[in-house]
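Below is one structure, written out as structure tokens; the observations come after it.
The values are calculated or read from the model by the stated rules, or taken from the named source; none is laboratory data. Quick caveat: nothing in here was measured; it's all calculated off a predicted structure. Positions of Cβ are backbone-derived with ideal geometry, glycine not excepted, and every protein chain shown enters the neighbour counts.
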Amino acid sequence: MQYDDQLMILKEQALGDGQVYSMLRRAIVELYLQPGAILSIKDICEHFAIGRSPVRDALVRLDQEGLVTLLPQRGTMISRIDFSRVKQERFLRLAVEEEVMKLFMACHTPSDIALLQETLGRQQDLYDSREMDIRRFFWLDEEFHQTFYAATDKLFCLQAVQGLGGHYRRIRLLTCGDRDILQEILRQHNGLLHALQTRDTELMCNIFQRHLHELDLEEELIVKKYPHLFHSGAGQEPRNLLWRADYLQTLKNQ
């Protein structure tokens, strides 16, 4: 699917259900828009061909989530990634997921394992392809983990941590631009799948601990590589008219 087609689908979904907020949030957390970019309400209104009130409402919600900063007389800035918040969002996600994994270990079925194998196979195929789609790999990663929540009837918990995880989601997307990190993700997923198949709880917990250590190293590497995308980084605030370019793709091509 071409970039313009993806954007049109996002826009139609947002307008169809009256949720400008949902579309803007996705554009931010999936890095269609650059952290630090300046938008104006006028730009957004013209893009959606709607009035200012629903746009203002959406921006207020995003401001409350820490995903935008409202700048009087200047516009709205897409919040740079807050690394301290990344750590807290990650802590919450992993604390919940470790408990969900223990439940999954006790109740999973052959069809659950088959679904994990199928998703992991698609991730591997994508990794091996000539044109690696970063977002697609990330979505498959989310799909892999969603299996645990679905099988244990904990999808509400997943929705809750995802709703509070906008900064963590952005840094994970950035790490997916590194093929060495993707290879490590695949290795960990294969190890986790083996632990689940053999119902080895100790091995599963060890993989989780190694995963936590690797996340620390990976995220620190990203902060050093892209300092201008983080709160402590310097640099000018770019002006980013909606959908003029896909920032994640721009970053990949640099």
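A few comments on the model shown:
- Residue match in the range 108-120 (condition: charged (D, E, K, R), assigned by TED's automatic domain parsing to the domain that holds Lys87 and crowded, with 19+ Cβ neighbours inside 10 Å): no
- Candidate set from the range 198-220 (those that are of a type outside the set (Val, Ile, Thr) and assigned to a loop (DSSP other than H, G, I, E, B)); member that is surrounded by the fewest Cβ atoms within 10 Å (Cβ to Cβ): Arg199
- Being closer than 27 Å to Leu31 by Cα and surrounded by 15 or more Cβ atoms within 10 Å (Cβ to Cβ) is not true of Phe156.
- Which numbered condition Leu164 fails, given (1) of a type in the set (A, V, I, L, M, F, W, C); (2) modelled with pLDDT of 95 or more; (3) touching a helix residue (DSSP H, G or I) at 6+ places or on another chain (Cβ under 8 Å): (2)
- Flag if Asp141 is crowded, with 17+ Cβ neighbours inside 10 Å, modelled with pLDDT of 90 or more and either acidic (Asp, Glu) or in a helix (DSSP H, G or I) (or both): yes
- In the range 92-135, the residue that is farthest from Leu196 (Cα to Cα) out of those that are basic (Lys, Arg) and at pLDDT below 95 is Arg130.
- In the range 9-39, residue farthest from the chain's Cα centre (by Cα) [restricted to those that are at pLDDT below 90 and hydroxyl-bearing (Ser, Thr, Tyr)]: Tyr21
- Within the range 81-137, the residues that satisfy the criterion of being assigned to a helix (DSSP H, G or I), in contact with a helix residue (DSSP H, G or I) (Cβ under 7 Å, 6 or more places away or on another chain) and free of Cβ contacts under 8 Å to residues at least 40 places away in the same chain are Asp112, Leu115, Thr119, Arg122, Leu126, Arg136.
- Residues being outside any helix (DSSP H, G or I) and at pLDDT 90 or above are entirely absent from the range 181-195.
- Looking only at residues in the range 72-86 that are surrounded by 15 or more Cβ atoms within 10 Å (Cβ to Cβ) and not hydrophobic (A, V, I, L, M, F, W, C), the one that is nearest to Ala151 (Cα to Cα) is Arg85.
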